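Encoded as structure tokens, the structure appears first; notes follow it.
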Amino acid sequence: MTQAIAMIRKEHHNMTRLLDLLERQVDLFEQAVQPDYDLMKEIVDYFLTFPDLYHHPKEDMIFRRIKKRAPASAENLFDLEEEHERVSERLHTFTRALVNVMLEAEMSRDSFVAVARDFIEGERKHMAEEEKYFLPLAMDTLTDDDWSAINAVVADFNDPLQSEQALRFRSIGAHLSG
Ligand SMILES: [Fe+2]
């Protein structure tokens, strides 16, 4: 497995665990129990900072190379760049809802829960499809030269949760290391 694929899988693994943590907080909120808002906000900040800005573009780069090597196969796959736009929109919608709830704006419990679940389920489905269709296609299609070029670039876009200096996300990082 190339370095880039291993990196993407590890990032998916971390995101999956963060979504599980987030879902537990949403379940509490739904049951009218006060959730850990700071934890929720830190998870959202992480999704805005890393997957939205750095993880998805790495995948987009791989997808563009698949399009060049095997246009017909890329055509049969979902349009990854468009998918990432939709994932980003759901994240931003959820972020606005979370901030509004934290700032005591009027919002029904049901609407917040619906937006939160839409984000969580959308992320899970998106990652599952990438793992099932996109990553195998990338491994089948791209050449050693492609991987050398990709690995050289993606190394500069490391997951802050996997960095020793990741002070910004240390509280959610502590949840992952357990
Ligand atoms: Fe991904």
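Just so you know, all these numbers are worked out from the coordinates, no wet-lab data involved. The structure displayed is predicted, hence computed values, not measured ones. Cβ: placed from backbone, ideal geometry, glycine included. Neighbour counts: every protein chain shown.
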Query raised in the report: In nanometres, what is the gap between the two model label sites at Ala128 and Ser171, each 7 Å from Cα along Cα-to-Cβ?
Result: 3.1
**Report entry** Using θ = phi - 60° and Karplus 6.51 cos²θ - 1.76 cosθ + 1.60, couplings along segment 119-128 (whole Hz; Gly, Pro as x)
**Finding:** 5, 4, 5, x, 5, 4, 5, 4, 5, 4
Report summary line: Expected max-MSF residue from Asp146, Asp20, Asp156 in the GNM of the chain (alpha carbon, under 10 Å) is Asp156
Report summary line: Along segment 93-107, Karplus-curve 3J(HN,Hα) (6.51, -1.76, 1.60; θ = phi - 60°) to the nearest Hz, with x for Gly and Pro, reads 4, 5, 4, 4, 5, 5, 4, 4, 5, 5, 9, 6, 6, 6, 7
Query raised in the report: Tell me, what ³J(HN,Hα) does each residue in segment 38-54 have, in order and in whole Hz, if you take phi through Karplus 6.51 cos²θ - 1.76 cosθ + 1.60 with θ = phi - 60° and put x for Gly and Pro?
Result: 4, 5, 4, 5, 5, 5, 5, 4, 5, 4, 5, 7, 9, x, 5, 8, 10
**Report entry** Between 0 and 90°, nearest 10: helix 56-69 axis offset from the chain longest Cα axis
**Finding:** 30
Query - Top of Asp145, Asp36, Asp118 by mean-square fluctuation, Gaussian network on the chain, Cα under 10 Å - result: Asp145
Query - the chain: calculated mean residue ellipticity at 222 nm from DSSP helix runs of at least 4, using -39500 (n - 2.57) - result: -24000 deg cm²/dmol
